[in-house]
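Below is one structure; the comments refer to it alone.
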Amino acid sequence: SASTFTIKAVVSTQSTGKNHLKKNYDKEEERKLARKDEDYDEEVEEGIEEELDQDDYLLAKISDIIHNLFGVYGEDFVQVFDKLTDYYVAMLAPERPSLEHQWALCVFDDLIEYAPNSAPKYQQHFLQPMMVYLSDTNPGVRQAAAYGVGAIAIKFPGADSPYKDFCTTSIPSLVNVINAPASREVENLSCTENCISAITKIFKHIIGMDNLDEMTLVTWLSWLPIQEDEEEGPTVYGFLMDLVEANNQHAMGKNNANLPNIVKVLAEGIINKTIRAEEDAELMSRIQVFMSSIQSNEHLWSAILLQLPETHQVLLRQS
């Protein structure tokens, strides 16, 4: 039965999780000593790197289990998570390795997303590290921190959100990641797109699109399209459609000057499959209504098509 499974899952997760996390913590202390030892050399470092890879794999698996249990049991899982909290808080300490920062942030992200009523109880543990690690050198750590900021904006929305200051204060760090010279390189792209999505969530759920000025929205539009992240794509394109449907003048531009770029961005999303016809059916429907409204003005539609690459033109003529 579900209750029996819950009891088994609780016991198993607590004992196994605690055991592995304790071992992992102790091993990192041993590695620190090994690096200071007089016998430390390249061979020792190779062994340490190999161990770190194994730890990363193990922490990822534990994180997956916690993610799934939070997903199934939500707030009911918090009593189990509480027994593991000390280990994850310790993993967020600055002196711990990047892989621990990443997986600890992922677990707190799940807490915010699946058990938001309980999240404030732990905020003294995750808020400050989340803000700091937005600027981490490791893209996986930055991504986990950015995802957490976005989750807070969604779960605690509104102008009177207790986390309004936290969310708005995080924007400059998120922008710095997006504007970094190598932000679109393969190893950084997923992190960058999570930062774009996090800002989008803050705009939509905390600040409100009517409170965004022209420069802010023009800058935001310049970051699009989303190229890779099909999980975050619908959030970003959905907000773009909110702006379009509201005929937001800052987004549309003077005399609708931004229309060609908006059409191009949406076409790009469909081409690169960050907007998926089946999974994102509601979004696709909104886009089709928008495209049809422009197509009804033949002169405008032809002028827009002329400004687009051939691949986009072919797609749009088929739609």
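The values are calculated or read from the model by the stated rules, or taken from the named source; none is laboratory data. Only a predicted model underlies this, so the values are computations on that prediction, with no experimental measurement involved. Ideal geometry is used to build each Cβ from the backbone, glycine not excepted, and the neighbour counts take in all protein chains shown. Note: areas computed on protein heavy atoms with side chains; ligands, DNA, RNA excluded. Shrake-Rupley method; radii C 1.70, N 1.55, O 1.52, S 1.80 Å.
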>> What's the total number of residues in the range 240-296 that are open to solvent by 50 Å² or more (accessible area, probe 1.4 Å), small (Gly, Ala, Ser) and farther than 25 Å from Asp213 by Cα?
In response: 6
> Quick one: in the range 53-74, which of the residues that are more than 18 Å from the chain's Cα centre (by Cα), in contact (Cβ under 8 Å) with a residue 40 or more places away in the chain and more than 12 Å from Leu111 (Cα to Cα) is most open to solvent (accessible area, probe 1.4 Å)?
Replying inline: Ile65
> Residue check, Ala93 against (1) exposed (fewer than 14 other Cβ atoms within 10 Å of the Cβ); (2) part of a helix (DSSP H, G or I); (3) modelled with pLDDT of 75 or more, all met but one. Which one?
Replying inline: (2)
> Any idea which of (1) open to solvent by less than 50 Å² (accessible area, probe 1.4 Å); (2) part of a loop (DSSP other than H, G, I, E, B) is the one Phe77 doesn't satisfy?
Replying inline: (2)
> Would the range 151-169 turn up any residue that is in a helix (DSSP H, G or I) and under 29 Å from Asp53 (Cβ atoms)?
Replying inline: yes
>> I'd like to know if the range 216-223 contains one or more residues that are surrounded by 19 or more Cβ atoms within 10 Å (Cβ to Cβ) and not in a helix (DSSP H, G or I).
In response: yes
> If you take the residues in the range 176-202 that are open to solvent by 20 Å² or more (accessible area, probe 1.4 Å), assigned to a helix (DSSP H, G or I) and without any contact (Cβ under 8 Å) to a residue 24 or more places away in the chain, which one is nearest to Ser135 (Cα to Cα)?
Replying inline: Asn179
> Considering only residues of the range 217-252 that are without any contact (Cβ under 8 Å) to a residue 24 or more places away in the chain and under 21 Å from Leu305 (Cα atoms), which is nearest to the chain's Cα centre (by Cα)?
Replying inline: Ser222
